[in-house]
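> Right, I'll just put the structure down here and ask away after.
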Amino acid sequence: AHVHVCARDNIQSMYWSSLTSRSVIYLCEEEYPPANLDFIRKNGIQLLNFAATGNKEPFNHMSPEIVRNAVEAALNPENQPLLIHCNQGKHRTGCVIGCIRKRMHWSLASIFNGVVKKY
């Protein structure tokens, strides 16, 4: 899978602007920021919005259906390359990235190591 990750405020960075992407997967309940929406529209990028609640412990959990749908969208070659992000690019994004890696048959040690290091 050709997947990039960032925080919501970094979508217009020079790095992201230089990439050719088809889709953005957004994992927040809040509306997509207008400046980012203008940016993706101007660049012909589709927005796939999965309104996930925060999943910080101890009491908040993401809906398994939302996670499953986001993973399926990310693994769909028609949506790639793509960017996945939430508001900070950590908890919700890390959860979905970990699930994508599991579906791609990564070892659990590699998945957890990547999530702990990155997020």
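> I'd like the full set of residues that are assigned to a helix (DSSP H, G or I) and either at pLDDT below 85 or touching a Lys or Arg at 6+ places or on another chain (Cβ under 9 Å) (or both), limited to the stretch 75-92.
Of the stretch 75-92, the ones assigned to a helix (DSSP H, G or I) are 75, 77-79, 91-92.
Hits for the stretch 75-92 are Leu75, Glu78, Asn79, His91.
> Okay, moving on. Which residue out of Val116, Val71 is at pLDDT 95 or above and either part of a helix (DSSP H, G or I) or among the aromatic types (Phe, Trp, Tyr) (or both)?
Numbers: Val116 fails: at pLDDT 95 or above.
When all the criteria are applied, what remains is Val71.
> I've got another one for you. Just checking, how many residues over the stretch 18-50 are outside any helix (DSSP H, G or I) and either charged (D, E, K, R) or at pLDDT 85 or above (or both)? Before the answer, list the steps.
So the first thing to find is which residues in the stretch 18-50 are outside any helix (DSSP H, G or I), and the list is 19-33, 43-50.
Of the ones still in play, those that are also either charged (D, E, K, R) or at pLDDT 85 or above (or both) are 22-33, 43-50.
Looking only at that region, the number is 20.
The values are calculated or read from the model by the stated rules, or taken from the named source; none is laboratory data. Computed from a predicted structure; not experimentally measured. Here the Cβ is made from the backbone with ideal geometry for all residues, glycine too, and neighbour counts use every protein chain on show.
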